[in-house]
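Structure first, commentary second.
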Amino acid sequence: MKTKIISFTLLSYLLFNVSIFVSGLLPFIAKYKMDFSADKLLGYFLDIVIHPIQNISQQVNDNNPLIYCTFIASIVLIVYLIIKTRTKDYDIVGETYGVQGSARWSKPIEVMKREKEVLTIPIEDLNKDIEDSMRHGGVENG
């Protein structure tokens with residue numbers, strides 16, 4: 001469970017930064033279209049990582065609609081992943097329905113409830129039945 005929380009926290013943080021980067025990328029390219037270089041792109045990326053809140057407020061003040069779209073997409077993705085990675089409790093069909101071919105181990109409570117169904121004969125009666133069957137050769141005389 002801790003691993004799942006840590007992984008979703010890291011994923012949320014990464015999506016948060018990617019959302020800021022993607023939403024500001026088009027205005028950044030439009031601003032530096034003549035002298036666009038990898039150094040300026042790296043500087044822009046580092047500025048987002050170091051000052052994310054300042055970049056968000058700047059994009060909101062510039063009325064950049066991409067910031068809203070990317071944040072909504074990130075939230076939808078996180079919620080979808082949380083729902084899809086939930087563990088499911090499966091029903092064992094044999095417990096609720098009598099299904100042919102389904103076998104399972106009985107639970108201790110089920111074994112202990114069978115006193116009225118199990119036929120118990122005292123040992124003296126068993127010994128008497130054995131002696132009677134041996135006297136008569138296994139045939140009942142009636």
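Here the Kirkwood formula puts the hydrodynamic radius of the stretch 1-87 at 14.2 Å, using every distinct Cα pair.
Stretched out straight at 0.36 nm per residue, the stretch from Thr3 to Ile109 would grow longer than its current Cα-Cα span by 34.6 nm.
Rule-based calculations on the coordinates, nothing more; no lab input. Being a predicted model, the structure only gives us computed values, none of them experimental.
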